[in-house]
Each structure stands twice: as C-alpha cells, then as structure tokens.
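In what follows, a single structure is set out as structure tokens and then discussed.
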Amino acid sequence: MTHNPIKIPLVDLSLQHQPIQTKIEQAIAQVIQKGDFILGQKLAEFQSAFATACGVKYGIGVASGTDAISLGLQACGILPGDEILVPANTFIATIIGIIRANATPVLVDCHPETALIDLTAIETAITSKTKAIIPVHLYGQMVSPNQLLHLAKTYNLIIFEDAAQAHLAEREGYRAGSFSQAAAFSFYPSKNLGAFGDGGMLVTNDREIAQKMQIFRNYGAPQKYLHTEIGTNSRLDTLQAAILNVKLPYLESWNHSRNLAAQYYNELLDPLKAKGIFPIQNQSSSGNIYHLYVIRVTEKSPINRDLLQEKLAVAGIQTGIHYPIPCHLQPAYPNLGNLGDFPHTETLCKQILSLPIYPGISNTQIQQVVATIKLALLTVNC
Ligand SMILES: *Cc1c(COP(=O)(O)O)cnc(C)c1O
C-alpha cells in the first residue's frame, strides 16, 4: 500500500510555537547578549518557576530526562546493587537511568486496563534489597499517589517519580512530582513542555537531595575546582531554559487543549467498544494531561493493530506505538526477564496505538481520524 503525504501528524509543534515565536527569539537574544550560557540567570529563573508549578521547593536542570533519573536516584542515596521496582511497561530511558545509577531494575507487570504499574503485583517483587519504587506516569496519567504512599510506608521504600510524560498532571490532589522524594522530568521537544533540543529536571522538596544534584551535574564540584563527588557534566543550557521559561505559562492551557481533544476522542470512539477498540482507561481523567492518546485494538476487534495503523497511514494519518517492544525483550537487556514474564505488558505492546494529539488539534481532524478508523473496520477484508 502506498502512503499518502501526512495530513494529520501524530504531533504538530508548530501550532504552539508560531504565536510565541517573537517572545522566544527575544529570550534567546537576551541570553546571547548576556553570554551566561552555562548555569546562567534564565536557568535559575526557570528552575524556580517550574518547581513552583509542580508544587515543590527545588528544581535542578540537567541535560536530559534520562540524566534526571540516573543522577536523581544517586542523589536520593540509591547505592550500587539496590533493587528498584519499575513498571515493565515503560520507555527504555527509565531502565537506563536505573542501570546508570548502578542499581538493579526489578520489573513489575502493568495493569491491563490502565497500562500503569500494577501496584497489587509489587509484593511478590519485593526483596530485602528493594530500596525504591519508580512509578512512571505513562501517557500523562498518574499512578495513584495515595496507594504509592501507603506502599512506600509499609515497605519502607523511596518513591522516585518518572514524570517525563506528566508535566502538571494531577491525581488525588497531588501534582506529578510533588509527593515523592524526587521526580524526573524531560523537556524532549515533543513532551508536553518541550525545549528546542534535549533537557531535563529533577524536582524535590528535600534540600539535601537538591544540593547533591547540583554537585553531581557540575563535575561533582560544590565550588569551582573542588571535587567532592564523582560527578558528571549534565546541565540544562541557559538557552533552553530561556525558551522553556517563555513556554511554561502556556503549559496549563496546552494541557487543557489536549484534555478536551481526548474527551472528544472518547466520545466519538465510544461506539467502537463493542468492536473491541477502546482507549486506555484512566482513573484520573480530569488530571490526565494526555501526553499521548492511546487506544487498544484488542483480540475482539475485526482488524488487528498493525493493519489499522497501515490503513490510517494510507489515509495520511500518522500514528505511533508507545512502545512496540517491551524493555525485557530488548536485545541489550537480557537480564530483565523472558518472554511470558510480563503478560499484560506483552499483550499491550501488540494492541496499543497512539492517535494524533497535540494542543490545537481541531475537532474536524479528530473526526477524520475516527471516521478513518470506522472505515478501516468496514473494509477490513478489502
Ligand atoms: C522521554 C522519557 C524519558 C527520558 O527523557 P529524555 O529527556 O529523552 O532523556 C524517561 N522516561 C519516560 C517515561 C519518557 O517518556
């Protein structure tokens, strides 16, 4: 089948950048003029503004979300050999962050409906070496803070949030990043708050963790040329921080726009439930920031996921799969588990499909996506 040019992309960042382009250019010009490219004033401003937006005291900008996880875990006191519970259904960077911190990832299957870590399955994964749990607020929906806090108390675990897909998400009155020892955010361009390149941040209420993180990201130096830790070089560029500072005030309205788009998808897709196609269920729909809008094409559907994706592509509708191969079946990680170990995750990988969603996506576009899915179902044998 031939693919037509993309009519509806999975993500369209130009819609959010066009109206604020002049402001962004001015912010960049200010940094160039000042010349404080590393650990400059705009970084300090953005760290403080983003931490406040998350409802926490400290923000420490780093080079990526992955670094926020690996350095952040070390700042939380995770030591080599410590075991960390982590959902099997996550982006590989969560696992990379743990391994870079010299800790051991212990995978836990996801809940089949929410795609989030199944907290009822963690007890069997806990050993005497278990030190922390990393909830991943996947697709923009949060793992229950109350349940996590209860578990952490029962088993004396550190909670470290991977909030890379959950900027300003909320559940049970908590903002993502605000109820744990520390949380990692990513500013990869397509995230809900994205830089013009790579970037990340650790947020925390703990002054000691914040201080350690500042030292780790800057060659392990609390002051110039004094190295008290084996640190690294991982700082959020002042230029990126200046851009993010311009974008941050719009984040809430962008998230709201995504949420409205998701509600409209939910409404239009509702009749397809009978055909085995439905969105990932979430308990926190009002606080869900819909980094992705993910549907499941289950075994009850007359069309399989890959064929549906193909038919949408032919119609010029771009979709994604987040993620097609589970972490424990990736060639680089033979020790995370074997085929069959995390059945819900493995099933989801075959069923999930991310539909176009971004701030400013129009109702007409959403109608087109859903109409194309319905047509694909009707013409499945053609
Ligand atoms: C994007 C992402 C990361 C990694 O962030 P980078 O900035 O790309 O390093 C980690 N975890 C999750 C869940 C992500 O989506």
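The values are calculated or read from the model by the stated rules, or taken from the named source; none is laboratory data. Note that the coordinates shown come from a computational prediction; the quantities given were computed from them, not determined experimentally. In this analysis, Cβ positions are derived from the backbone assuming ideal geometry, glycine residues included, and neighbour counts consider all displayed protein chains. Surface accessibility is based on the protein's heavy atoms, side chains included, excluding ligands, DNA and RNA. Shrake-Rupley method; radii C 1.70, N 1.55, O 1.52, S 1.80 Å.
So what's the angle, to the nearest 10 degrees on a 0 to 90 scale, between helix 145-155 and the longest Cα principal axis of the chain?
60 degrees
Can you tell me how the range 278-335 classifies by the Cα gyration tensor, rounded, prolate or oblate, using a/c under 1.5 as the rounded cut?
It is oblate, given that a/c is not under 1.5 and a/b is not larger than b/c.
Below 19 Å, Cα to Cα, which lysines can residue 129 reach? Residues fewer than 8 away in the same chain don't count.
Within the straight-line limit of under 19 Å, residue 129 reaches these lysines: 153.
If I build a Gaussian network model for the chain, linking alpha-carbon pairs within less than 10 angstrom, which residue out of 152, 261, 184 has the largest mean-square fluctuation?
Result: 152 has the largest fluctuation of those listed.
Does anyone have the angle between helix 251-269 and the longest principal axis of the chain? Alpha-carbon axes, 0 to 90°, nearest 10?
20 degrees
So for each of 282-295, 60-73 I average, over its residues, the number of other beta carbons within 10 Å; can you give me the resulting order with the highest mean first?
In descending order of packing, they fall as 60-73, 282-295.
Order 306-314, 159-167 from most to least packed using the mean count of other Cβ atoms within 10 Å.
Highest mean packing first, the order is 159-167, 306-314.
Kindly identify the range 50-149 as rounded, prolate or oblate by the Cα gyration tensor criterion: order the square roots of the eigenvalues as a ≥ b ≥ c, call it rounded if a/c is under 1.5, otherwise compare a/b with b/c, prolate if a/b is larger, else oblate.
Note, shape of the range 50-149 comes out oblate.
What whole-number distance in Å separates the alpha-carbon centres of the range 63-96 and the range 313-382?
Cα centroid of the range 63-96 versus Cα centroid of the range 313-382: 26 Å apart.
Just the number, please: carbon plus sulfur as a percent of the accessible area of the chain, 1.4 Å probe, no ligands or DNA/RNA counted.
That share works out to 53 percent.
Output the 0 to 90 degree angle, nearest 10, between the alpha-carbon long axis of helix 305-314 and the longest principal axis computed from the alpha carbons of the chain.
80 degrees
Divide by every residue of the chain the summed helix terms, -39500 (n - 2.57) for each DSSP H run of at least 4, and state the resulting mean residue ellipticity at 222 nm, rounded to the nearest 500 deg cm²/dmol.
-11000 deg cm²/dmol
For the chain, with a Gaussian network of springs between Cα atoms less than 10 Å apart, report the residue from 170, 25, 83 with the top mean-square fluctuation.
Between 170, 25, 83, it is 25 that shows the largest mean-square fluctuation.
Among the aspartates and glutamates, which have Cα under 19 Å from the Cα of residue 311 when same-chain residues fewer than 8 positions away are ignored?
299
Which order do the peptides 200-207, 370-377 take when ranked by the mean count of other beta-carbon atoms within 10 Å per residue, highest first?
Ranking, from highest mean packing down: 200-207, 370-377.
Using only the Cα atoms of the chain, build the gyration tensor, take square roots of its eigenvalues as a ≥ b ≥ c, and label the shape rounded, prolate or oblate: rounded if a/c is under 1.5, else prolate if a/b is larger than b/c, else oblate.
Here the chain falls in the oblate category.
Expressed as a whole number of Å, what is the distance separating the alpha-carbon centroids of the range 246-266 and the range 1-54?
Taking the Cα centre of each part, the range 1-54 and the range 246-266 sit 16 Å apart.
Below 8 Å between Cα atoms, with a sequence gap of 6+, how large is the relative contact order for the range 203-276 in percent?
16 percent
Which parts of the range 1-35 would a label at residue 307 reach, counting a residue when its backbone N lies under 15 Å from a point 7 Å out along Cα-to-Cβ?
1
How large is the accessible surface per residue of the chain, computed with a 1.4 Å probe and reported in Å² as a whole number?
Roughly 43 Å² per residue, with all protein chains present.
Could you grab the relative contact order for the chain? Cα pairs under 8 Å, six or more apart, rounded to a whole percent.
Relative contact order, the chain: 22 percent.
Restricting to Cα pairs below 8 Å that are 6+ residues apart, what does the relative contact order work out to for the range 257-382? Please round to a whole percent.
Relative contact order for the range 257-382 comes out at 34 percent.
Hey, which lysines would be in cross-link range of residue 191, C-alpha to C-alpha under 16 Å, not counting anything within fewer than 8 residues on its own chain?
List returned: 247.
Gap in Å between the Cα centre of the range 136-160 and the Cα centre of the range 163-225?
17 Å
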